Amino acid sequence: MNRGIPMSWRLPKRLLDFSAALAGLVVLSPLMLAVAVAVRATSPGPALFIQDRVGRRGRLFRCAKFRTMGVGAHAQGSVTTAEDPRVTPVGRLLRRTKLDELPQLWNVLTGRMSLVGPRPDVPGYADRLQGEDRKVLELLPGITGPATLLFREEERLLALARNPRAFNDEVVYPEKLRLNREYLESGNFWRDIGYILATVCPFLTRRLGWDLRLGLGYGEFFARMEREAVRY
């Protein structure tokens, strides 16, 4: 992490990332193998989709996910809606369950990503940030985080807009940026633990009221984004 981020957060965050990613890769390796076989067996092409993403300080890194679209589909654009025909049937399941993200544990293990942080963007978004907004690049990109959790039905929201690209660029991305700036300013090790629990045990965190303490009031947030989507 950047020197501007307190050691009281930086060091335990890295220790958590390394230990959890290593354990996850070991424990989940049978599941990851099964997913890889399913992807290869149901559509032509490799099991993994590897793409350049914008990382800490704007540096590009190679980010791996299980492939959810046909080969070459990403050349048609990076905005994906809920009914996008480019997504394969198996890919649709992987996206809904977030299993396509599992290979990113390797990026976490090697220090290019964190468990919690802003989602790694494709070139053309985060690398063009200006002024105060560039501060979010002090953070390693993450698998989960406040923006990821609040936009967990992002593809459904994009499908509501007549112009998904404009809605993404003018509403969704700026809102994610705001959430990521807030995370940078108020984040700490214990909030990271909370976001991880909200990711793996969403029903428990809602039942205990932890989601509201973390600023994850999903119902109100989704309704607001839904109203914005229909305007586009």
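Values in this text are rule-based calculations from the coordinates and carry no lab data. This structure is a prediction, so every number in the text was calculated from the model and none was measured. Cβ placement follows ideal geometry from the backbone for every residue including glycine, while neighbour counts extend to all protein chains displayed.
The table for this structure:
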read-out	value
Shape call, the stretch 168-208: gyration tensor on alpha carbons, a/c limit 1.5	oblate
Relative intensity, log₁₀ I(q)/I(0), of the chain from a Debye sum that treats every alpha carbon as a point, q = 0.11, 0.13, 0.14, 0.15 Å⁻¹	-0.56, -0.81, -0.96, -1.12
The chain, relative contact order [Cα under 8 Å, separation at least 6], %	21 percent
Simple spin-label estimate for residue 31 and residue 5 in nanometres, 7 Å along Cα-Cβ	2.5 nm
Potential lengthening between residue 182 and residue 222 on full extension [0.36 nm per residue; Cα-Cα distance subtracted]	12.6 nm
Residue-averaged 222 nm ellipticity for the chain, from DSSP H runs of 4+ at -39500 (n - 2.57), nearest 500	-14500 deg cm²/dmol
Spin-label model distance (nm) - residue 22 vs residue 208, 7 Å beyond Cα toward Cβ	2.6 nm
Neighbour-count ranking [beta-carbon atoms within 10 angstrom, fewest first] of 66, 189	189, 66
Under 5 Å, built H, 5+ apart or other chain: amide partners of residue 116	143, 144
Total charge dipole magnitude, the stretch 110-222, about the Cα centre, Cβ charges on Lys, Arg, Asp, Glu only, Debye to nearest 20	220 debye
Over 13 Å [Cα-Cα, the stretch 98-150], rounded percent	61 percent
Signed unit charges on C-beta, dipole axis of the chain, positive-most listed residue 143, 12, 214	12
Assigned charges on the beta-carbon of Lys, Arg, Asp, Glu; the stretch 7-229 dipole about Cα centre (debye)	440 debye
Computed lengthening from residue 134 to residue 40, 0.36 nm per intervening residue step minus Cα-Cα distance	30.0 nm
Inter-site label distance for residue 50 and residue 106 at 7 Å from Cα along Cβ, in nm	0.7 nm
Dipole of the stretch 86-188 [Lys/Arg +1, Asp/Glu -1 at C-beta], most positive-end residue of 111, 167, 126	167
Fraction of alpha-carbon pairs over 16 Å apart in the stretch 49-157 - percent	61 percent
